Amino acid sequence: MSAKKKVLVCGAGGFIGSHVSKRLKSEGHHVVGVDLKPPSFSETVADEFYLQDLTQFTETLELFRRDAFDEVFQFAADMGGAGYINTGEHDDEVVWNSMAINLNVVKSCVLTGVKRVFYASSACVYPEHDQLEEFNPGLKEELAYPADPDSEYGWEKLFSERLYATFARKNSLEVRIARFHNIFGEEGTWDGGKEKAPAAVCRKVALVEDGGVMAVWGDGKQTRSFLHITEAVEGIFRLMRSDHDQPLNIGSDQLISINELYDLVAEFDGKQFTKEHDLSAPQGVRGRNSDNTLVESVLGWRPSKPLHEGLKTTYEWIKEQILERGNCESEETCVSQAD
Ligand code: NAD
């Protein structure tokens with residue numbers, strides 16, 4: 001085991017941050033978590049947990065001054081799935097909140113002598129013109145420039161990559177940057193508007209009547225790749241412990257259409273339904289996939305399991321969540337209770 005470190009996890013109440021906190025604890029490190037909220041589905045494992053707004057600079061710097069952190073993992077962001085970042089309705093908040101968080105975190109890292117920071121970027125940084133076809137052979141890291149992300153969320157991520165890299169160049173701060181390609185799994189948001197496609201599909205399939213009608217966003221031919229959280233956490237730790245200081249994809253290269261995703265999940269309970277496509281619904285780019293050539297050569301890492309394995313455990317977990325909430329017999333009642 002590596003030497004015990006003092007680690008700050010920003011966004012420790014969120015999906016990836018709470019899983020990373022668990023891994024850090026299992027390795028014996030001292031974990032300090034910060035978020036606007038505690039984890040939604042389990043108790044935090046952090047040794048200390050602060051409910052705090054990272055868009056506020058003075059408070060953020062005070063937090064960083066509580067301890068001499070060896071490492072910071074920065075997951076805090078204002079984000080969600082296509083229904084949140086691709087409608088344009090939340091763009092101003094998304095950009096301002098996440099930008100302010102990153103400005104404050106990077107400055108606090110430098111002012112308090114943090115040795116290394118992990119920044120959670122996104123596949124949304126890649127240009128729209130490389131994602132116009134349903135078949136996407138995979139987005140190589142070098143394709144990010146010349147830049148043209150399809151969402152303001154993606155532009156913010158790209159700028160923040162540059163922000164961390166700029167501070168690293170001029171200071172002793174080391175930066176590790178992952179471009180996540182749709183991470184899903186147990187304890188991820190599954191309703192309320194910020195959920196991403198795999199969780200939404202699992203919830204909708206769990207709630208649809210056998211033989212019923214299923215509303216699908218777009219024509220369902222749009223494609224993505226999805227990575228289970230256990231695989232992502234392994235990639236994150238390999239990157240953080242590596243010497244690689246350039247952005248690296250952490251994603252799956254198993255491309256699947258949204259229609260196929262519904263069919264895959266439907267098989268778990270042997271459900272059948274008629275898809276009704278809503279062509280006015282937000283969809284994002286036409287096709288997105290991870291190219292894992294670089295990450296495999298640098299970290300010796302690639303996803304170890306097929307999509308359906310992680311999807312199955314996630315589906316079972318979402319079914320439990322629906323049961324626990326109770327009184328949630330259909331998609332309509334379940335969603336309205338969550339609002
Ligand atoms: P999440 O929404 O579950 O976690 C983000 C956390 O940040 C939330 O708990 C939220 O409360 C917190 N936060 C937001 N504003 C804050 C503020 N002002 N102060 C303190 N905390 C604040 O999202 P996630 O899926 O865990 O994603 C983690 C990171 O990875 C994010 O930066 C996200 O953009 C990035 N990412 C995730 C995915 C994915 O598929 N999950 C894909 C690409 C990039």
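Laid out as a table, the results:
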| quantity | calculated |
| --- | --- |
| Kirkwood-based Rg to Rh ratio, region 6-102, C-alpha trace | 0.99 |
| Against the rule of thumb 2.2 N^0.38 Å, how large the Cα Rg of region 94-163 comes out | 1.28 |
| Along principal axes, Cα extents of region 181-313, largest first, whole Å | 52, 28, 24 |
| Carbon and sulfur %, accessible surface of the chain computed with the full protein complex present, 1.4 Å | 50 percent |
| Debye equation applied to the C-alpha atoms of the chain, log10 I(q)/I(0) at 0.07, 0.09, 0.12 Å⁻¹ | -0.28, -0.46, -0.84 |
| Cα principal axis extents for region 83-125, largest first, Å | 39, 20, 12 |
| Computed helical MRE - 222 nm, the chain, DSSP H runs ≥ 4 contributing -39500 (n - 2.57), nearest 500 | -12000 deg cm²/dmol |
| Rounded tilt (10° steps) of 258-268 against the dominant C-alpha axis of the chain | 80 degrees |
| Under Karplus coefficients 6.51, -1.76 and 1.60, residue-wise ³J(HN,Hα) of region 209-226 in Hz, glycine/proline x | 6, 4, x, x, 10, 10, 7, 10, 6, x, 7, x, 8, 5, 10, 8, 10, 10 |
| Folded to 0 to 90 degrees: helix 91-111 orientation relative to the chain principal axis, Cα | 30 degrees |
| Net charge, Thr293 excluded, C-beta distance under 15 Å - Lys, Arg +1, Asp, Glu -1 | -2 |
| Evaluated at q = 0.11, 0.15, 0.19, 0.22 Å⁻¹: base-10 log I(q)/I(0), Debye formula over Cα of region 124-245 | -0.52, -0.90, -1.28, -1.45 |
| Residue-normalised accessible area of the chain, expressed per residue, 1.4 Å probe, Å² | 44 Å² |
| Helix axis angle, 197-207 relative to the chain longest principal axis, alpha carbon, degrees | 40 degrees |
| Under-5 Å amide H pairs with Ser242, H placed in peptide plane, nonlocal only | none |
| Amide H contacts under 5 Å for Ser122, placed H, 5+ residues apart | Phe180 |
| Percent antiparallel among DSSP beta bridges (both partners in the chain, rounded to 5) | 10 percent |
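The values are calculated or read from the model by the stated rules, or taken from the named source; none is laboratory data. Please read these numbers as outputs of a predicted model, since none were measured by experiment. Quick reminder, even Gly has a Cβ in these numbers, built from the backbone with ideal geometry, and neighbours come from all protein chains shown. For the accessible areas, the whole protein counts, side chains as well, though only heavy atoms, and no ligand, DNA or RNA atoms are used. Shrake-Rupley method; radii C 1.70, N 1.55, O 1.52, S 1.80 Å.
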